[in-house]
Amino acid sequence: MSFGPMPIANGFLAPQDIPLDTYRFELATASCKRCRTFQLIDQPPPDKMFHANYAFFSQTSRVMQDHFENFALDIAQRLLARRDDPFVVELGSNDGIMLRHIAKRGVRHLGVEPSANVAAAARNNGVNTTSVFFDAESAANIREQYGPADVIAAANVMCHIGSIRDVAAGIALLLRDDGVLIFEDPYLGEVIAKTSYDQIYDEHVFLFSLESVRAIFGPHGLSVIDVAPQTTHGGSMRYTLGKTEHHEVSSTVTELEVAESRQGLGDDQTYDRFRQSCEASKAALNRLLGELRGAGKRIAGYGATSKSTTVLNYCGIGPELIEFISDTTPIKQGKVTPGTHISVKPPSCFSEPYPDFAVLFAWNHAAEIIAKEKAFLESGGRFITFVPEVGMIQA
Ligand code: TMP
């Protein structure tokens, strides 16, 4: 299905820097009939998305910080305790949100992070980081310099990589024979179940399922040996893979296989229904915002997420409906949303005075935000949600 011409999701710009011809690409998806990998048909070149002004910093949320501390703990307890001088590599290590907990334990580690500004932030956090794109060639260089990896981890990264087969080859090359690859990404089954079409944007070239992960990594001798659902990013899956002959497969894998078959992730009709649900969601959100604005209500946005770029551009929502978006990320503040030019303001502006309604673009952080914004809700303010369907949250 197509979501129309789309700008770069994290392309927040100052009003004076907006070019006359903003770069756009056709945001369209397809599900491969052979391996059922749900993917973008076209993806912008990586250097348009990941560069020195990349606007996404992982450490903006308390819940995500806890999540990555637990991720590191899991790696340390499950795997590293059993090994001598282990070596952990993280792909797309961002600002070191996970690896710093590995570094703190004195474990040999390397973050691979192509965006120079977040890589610099990681180094400031004491995380050994190299700023390159991971592929078979850089994997060989890393192995030569550091030796094989006991653990290769990645969170919200694998789904960003168009050249995934090259990355899979690099992982097979870098991983010790009994080592494991652990990665997590937004889960296709959750996106379909919740109509969370906003997970579809330039950086998410793939939305994985067990079936597609097997299809991608299997040819490189890597089998899925464990799966664990995660609540992060609106519903993710953590996959553990290892070289086929060195590991036993957990029962969680067969359970997920059955669940995917029940959900119809391998059926064309599922994707037709998804398209219809996206169109219905767009119509309902536009109707609600139009009615509220028509009644003179003030509407703001909460969280200038990458996901919001898809929602705003697909639904055609701009400053005429949403006055501003509040966001905690300093690099986004004072800028405007990609393609739709809604001002992004610091959270201090949210309460000066409170708007009547706030569209919860950061819906994946709903619990944290609702707890934090009690005063907004108690003053009569309401959050507008659109996942799993268009509705409201009030005190
Ligand atoms: P994410 O959903 O991709 O993690 O992005 C979350 C965005 O929402 C990020 O730009 C920070 C912003 N945000 C807020 O503005 N306030 C909050 O309380 C939280 C949790 C996130």
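Annotations
- Segment ALA193-MET392, extension gain: residue separation times 0.36 nm, minus the distance between their alpha carbons: 69.7 nm
- Our note on the geometry: Cα centres of the stretch 160-218 and the stretch 308-368, 29 Å apart.
- Using the rule -39500 (n - 2.57) for each DSSP H run of four or more residues, divided by the residues of the chain, the 222 nm mean residue ellipticity is -10000 deg cm²/dmol.
- Each label point was placed 7 Å from the Cα along the Cα-to-Cβ direction; for THR231 and ARG108 their separation is 3.8 nm.
- Which of HIS204, HIS365, HIS341 has the fewest Cβ neighbours within 10 Å, and the rest in rising order: HIS341, HIS365, HIS204
- On the beta carbon distance between ARG123 and ASP42, with R0 = 35 Å, the FRET formula returns roughly 0.55.
- Karplus-based coupling profile of the stretch 96-106, in residue order and whole Hz: x, 4, 9, 4, 5, 6, 6, 4, 4, 7, x, with θ = phi - 60° in 6.51 cos²θ - 1.76 cosθ + 1.60 and x standing for Gly or Pro.
- For a modelled paramagnetic label at GLU144, 7 Å from Cα along Cα-to-Cβ, the residues of the stretch 152-190 in reach, with backbone nitrogen under 15 Å, are 174.
- The 3J(HN,Hα) values that the Karplus relation (6.51, -1.76, 1.60; θ = phi - 60°) gives for the stretch 12-24 are, in residue order, 6, 10, 5, x, 6, 9, 6, x, 5, 10, 4, 4, 9 Hz. Gly and Pro appear as x.
- Rg/Rh ratio calculated on Cα atoms of the stretch 24-152 (Kirkwood radius): 1.02
- Shape class for the stretch 276-395: rounded, because the ratio a/c of the largest to smallest gyration tensor axis (alpha-carbon atoms, square roots of eigenvalues) is under 1.5.
- Along principal axes, Cα extents of the chain, largest first, whole Å: 65, 48, 43
- When you restrict to C-alpha pairs under 8 Å that are six or more residues apart and normalise by the size of the stretch 269-364, the relative contact order lands at 31 percent.
- Protection proxy ranking of 306-319, 239-252, by the mean of other Cβ atoms within 10 Å over each peptide's residues and highest first, is 306-319, 239-252.
- Modelled spin-label separation between VAL258 and VAL132, with each label point placed 7 Å from Cα along the Cα-to-Cβ direction: 4.5 nm.
- For LYS335, the lysines whose Cα falls under 22 Å of its own Cα, not counting residues fewer than eight places away in the same chain, are LYS48, LYS307, LYS345.
- Of the DSSP H helices in the chain, those whose Cα atoms cover at least 20 Å axially and whose Kyte score averages -1.0 or more: 62-78, 268-294
- Segment LEU73-SER348, extension gain: residue separation times 0.36 nm, minus the distance between their alpha carbons: 95.5 nm
- Protection-proxy order for peptides 343-352, 166-175, each taking the mean of Cβ atoms within 10 Å per residue, highest first: 166-175, 343-352
Read-outs throughout are calculated quantities, based only on the coordinates presented, and are distinct from any laboratory measurement. Quantities reported herein were computed from a predicted structural model and do not represent experimental measurements. In this analysis, Cβ positions are derived from the backbone assuming ideal geometry, glycine residues included, and neighbour counts consider all displayed protein chains.
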